[in-house]
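The values are calculated or read from the model by the stated rules, or taken from the named source; none is laboratory data. Values in this document were obtained by computation on a predicted structure and should not be read as measured data. For neighbour counting, all protein chains shown are included, and Cβ atoms are generated from backbone atoms with ideal geometry for every residue, glycine included.
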Amino acid sequence: MLQQLTPHTFFMAHNHDTDRPALGLIAGEHASLVVDSGNSPAHARSFLQGVSSLGVAAPRYLALTHWHWDHVFGAPEMGLITLANRRTQPHLLRMAGYTWDDDALARRVAQGEEIAFCAENIQKEFGAQRAIAVQGADILFDETLTVELGGLTCQLIHLGGEHSEDSTAVYCPQEGVLFLGDGLCQEMFHGAWSYDLADYRARIDKIKDLPCRFYVNSHWEVQNADEFAAYSQRLISLGELAGESTDPADTLERYRRAHGCDPDEETEGDLLSFVYGNRKRQAKESGRQ
Ligand SMILES: [Zn+2]
């Protein structure tokens, strides 16, 4: 089931059970563009069934927000002209040569090429029979790509950042909708999930001048402009409070002094994400000296 955001944009909500991300649709007069292909052929089929009942122009393009499995495993099932950042392609071609049975997943987790969170969700989404195919994209871009859909345009904008260097946002200026993929998420492939404040700010700076009514993050609820501004400002404030600290206890004490209470669970998690980000950055810096 797709939900309508604006007259010409729709999305299918995310589902944490098997880490299915939200998928988007921008429907022009002549063609529609799909944002992300889903985490399996079944996910892609369920999305396309929802699209067919909308009575909009048929999907012609698929824009991939980044290479992570949950965004690309549905692409062969969709069979659309696939658009991706140039940085996404080597990852797709690398994964096209992988096998996905339990042994192969366990080996890649042990080697640090994959994380247990993704391996577990792949096992849950596909069950024991895993016919997984990954294919390269058809059209590649470096920083931006504009797609004409008839009466509407889409802009693919390279966001980059610590979650995935190839992160791409999909913007529809006429509708004021920005599909962010995981572009504002934490770094999650090297130890504790973390934020680097400078990196987060750089990502926000790239999108802050785009007029938007709605922001669609792949694994969170849709946010309107006020909710998005409050959310990102809150994260930045937590990052500023953490400062350069690499000590969770010291940072939590700083929070208590500033706010006169303990942080709630979500706030504590976000605050400590910046502490872990500081640890990773300092480890990297000392490795360079
Ligand atoms: Zn991701």
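Remarks
- Subset of the range 112-147 that is at pLDDT 95 or above and of a type in the set (S, T, N, Q) - its residue that is surrounded by the most Cβ atoms within 10 Å (Cβ to Cβ): Asn121
- Flag not set for Ser286, criterion: surrounded by fewer than 20 Cβ atoms within 10 Å (Cβ to Cβ), more than 19 Å from Asp166 (Cα to Cα) and touching a residue at least 24 places away in the same chain (Cβ under 8 Å).
- For the range 167-182, a residue qualifies if it is surrounded by fewer than 24 Cβ atoms within 10 Å (Cβ to Cβ) and within 16 Å of the ligand (Cβ to nearest atom), and exactly one does: Asp182.
- Looking across the range 38-69, the residues that are within 16 Å of the ligand (Cβ to nearest atom), more than 12 Å from the chain's Cα centre (by Cα) and buried (at least 24 other Cβ atoms within 10 Å of the Cβ) come down to Asn39, Ala63.
- When Arg234, Arg213 are screened for being over 30 Å from Gln111 (Cα atoms), touching a residue at least 40 places away in the same chain (Cβ under 8 Å) and among the basic types (Lys, Arg), only Arg213 passes.
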